[in-house]
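Novice: Pasting a structure here, questions to come.
The values are calculated or read from the model by the stated rules, or taken from the named source; none is laboratory data. What you see is a predicted model; the values in this text were computed from it and never measured. Here the Cβ positions follow ideal geometry from the backbone for every residue, glycine too, while neighbour counts run over all protein chains shown.
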Amino acid sequence: MINIIKGRKNQGKTQKILTLFQEYQKCSQPDGVASLKIFKNEIHIGYELLHLSSQRKFPLAFKKDHIPLNWKEYKIIGDYTFSDEGFFYSESIFSKEQIGAQNPLFLDEIGPLELEGFGFYTILQDLKDLERDIFITSRPECVDPIIHKFNLKRYKIFEISKRVRNYFY
């Protein structure tokens with residue numbers, strides 16, 4: 001089952017993934033990735049990918065005016081340049097050999113990059129029909145396109161709103 005956590009920018013989608021991961025750790029073997037914001041002098045400059053079970057971090061995206069040295073650009077979407085390193089590492093995390101019996105799996109975030117066939121596209125294609133719970137996050141304007149692009153048959157949508165974001169599940 002695909003569980004889509006839907007919310008606007010800065011409404012707590014990633015925080016919900018982190019909270020659910022901690023809750024599931026008490027009774028199962030969850031795994032996945034979360035996209036954490038990177039700040040410099042209190043200014044949001046990019047994202048890093050957190051592997052939930054190992055707590056390892058990898059660069060994912062930076063705003064075009066904050067690109068670090070030796071950046072390996074994979075794709076540009078809007079104001080962001082994405083790294084191939086984070087996506088390559090994600091593919092190893094979600095390989096059939098690695099996920100084994102881990103349940104549920106978390107993938108933060110699915111959006112325009114995946115709708116163009118990049119980013120976590122292949123990972124979600126491989127995961128969508130597994131007999132386990134998969135939690136993904138997305139912005140409202142991407143949810144219907146994701147359902148159609150990935151031909152999702154079994155899914156639930158949970159909406160986070162600022163007023164009730166801690167009580168959606």
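Novice: Name the residues in region 144-153 that are surrounded by fewer than 19 Cβ atoms within 10 Å (Cβ to Cβ) and either in contact with a Pro (Cβ under 6 Å, 6 or more places away or on another chain) or modelled with pLDDT of 95 or more (or both), would you?
Specialist: Correct list: Asp144, Pro145, Ile147, His148, Lys149, Asn151, Leu152.
Novice: What about Tyr74, is it of a type in the set (Ser, Thr, Tyr) and within 25 Å of Phe21 (Cα to Cα)? If you could, list the steps in order and put the result at the bottom.
Specialist: Details: of a type in the set (Ser, Thr, Tyr): yes; within 25 Å of Phe21 (Cα to Cα): no.
Judged against the criteria, Tyr74 is not a match.
Novice: A further question follows. Enumerate the pairs (first residue in region 78-100 and on the phi < 0 side of the Ramachandran plot; second residue anywhere and among the aliphatic types (A, V, I, L, M) and in a helix (DSSP H, G or I)) with beta-carbon separation below 7 Å, excluding pairs fewer than 6 apart on the same chain, so at least 6 apart or on different chains.
Specialist: What qualifies is Phe82/Leu113; Ser90/Ile123; Glu91/Ile123; Phe94/Ile123; Phe94/Leu127.
Novice: Which residues, taken from region 95-118, are among the aromatic types (Phe, Trp, Tyr) and surrounded by fewer than 21 Cβ atoms within 10 Å (Cβ to Cβ)?
Specialist: If the condition is that a residue be among the aromatic types (Phe, Trp, Tyr) and surrounded by fewer than 21 Cβ atoms within 10 Å (Cβ to Cβ), then Phe118 is the only one that fits.
Novice: Same structure, new question: Can you run down the residue pairs with Cβ atoms below 8 Å, 6 or more apart or on separate chains, where the first is in region 148-159 and under 18 Å from Gly7 (Cβ atoms) and the partner is modelled with pLDDT of 95 or more and assigned to a loop (DSSP other than H, G, I, E, B)?
Specialist: Sorted first by the residue in region 148-159, then by its partner, the pairs are Glu159/Gly7.
Novice: Residue check: is Thr19 surrounded by 12 or more Cβ atoms within 10 Å (Cβ to Cβ), among the hydroxyl-bearing types (Ser, Thr, Tyr) and in a strand (DSSP E or B)?
Specialist: Details: surrounded by 12 or more Cβ atoms within 10 Å (Cβ to Cβ): yes; among the hydroxyl-bearing types (Ser, Thr, Tyr): yes; in a strand (DSSP E or B): no.
For Thr19, the condition - surrounded by 12 or more Cβ atoms within 10 Å (Cβ to Cβ), among the hydroxyl-bearing types (Ser, Thr, Tyr) and in a strand (DSSP E or B) - is not met.
Novice: Are any of the residues in region 29-37 under 19 Å from Leu107 (Cβ atoms) and basic (Lys, Arg)?
Specialist: yes
Novice: Restricting attention to region 109-148, which residues are touching a Leu at 6+ places or on another chain (Cβ under 9 Å) and outside any helix (DSSP H, G or I)?
Specialist: Of region 109-148, the ones touching a Leu at 6+ places or on another chain (Cβ under 9 Å) are 110, 114, 119-121, 123-124, 127-128, 130, 132-137, 142, 145-146.
If the condition is that a residue be touching a Leu at 6+ places or on another chain (Cβ under 9 Å) and outside any helix (DSSP H, G or I), then Ile110, Gly119, Phe120, Lys128, Leu130, Arg132, Asp133, Ile134, Phe135, Ile136, Thr137 are the ones that fit.
Novice: Do we have Phe62 as crowded, with 18+ Cβ neighbours inside 10 Å and either in contact with a Leu (Cβ under 6 Å, 6 or more places away or on another chain) or in a strand (DSSP E or B) (or both) here? Spell out how you get there, then give the answer.
Specialist: Numbers: crowded, with 18+ Cβ neighbours inside 10 Å: yes; either in contact with a Leu (Cβ under 6 Å, 6 or more places away or on another chain) or in a strand (DSSP E or B) (or both): yes.
Considered against the rule, which asks whether it is crowded, with 18+ Cβ neighbours inside 10 Å and either in contact with a Leu (Cβ under 6 Å, 6 or more places away or on another chain) or in a strand (DSSP E or B) (or both), Phe62 comes out as yes.
Novice: Let me ask you something else. In region 22-50, how many residues are farther than 17 Å from Asp133 by Cβ and part of a loop (DSSP other than H, G, I, E, B)?
Specialist: Residues of region 22-50 farther than 17 Å from Asp133 by Cβ: 35-50.
From the residues that got through so far, the ones that are part of a loop (DSSP other than H, G, I, E, B) too are 41-42.
Residues meeting the conditions: 2.
Novice: Is there a residue being under 12 Å from the mean Cα position of the chain (by Cα) and crowded, with 16+ Cβ neighbours inside 10 Å anywhere in region 66-80? Give the steps one after another, and end with the answer.
Specialist: The initial filter retains those residues of region 66-80 that are under 12 Å from the mean Cα position of the chain (by Cα), namely none.
Within region 66-80, not a single residue is under 12 Å from the mean Cα position of the chain (by Cα) and crowded, with 16+ Cβ neighbours inside 10 Å.
Novice: For region 39-55, what are the residues that are over 15 Å from the mean Cα position of the chain (by Cα) and either closer than 21 Å to Gln102 by Cβ or surrounded by 15 or more Cβ atoms within 10 Å (Cβ to Cβ) (or both)?
Specialist: Residues satisfying the conditions are Ile45, Ser54.
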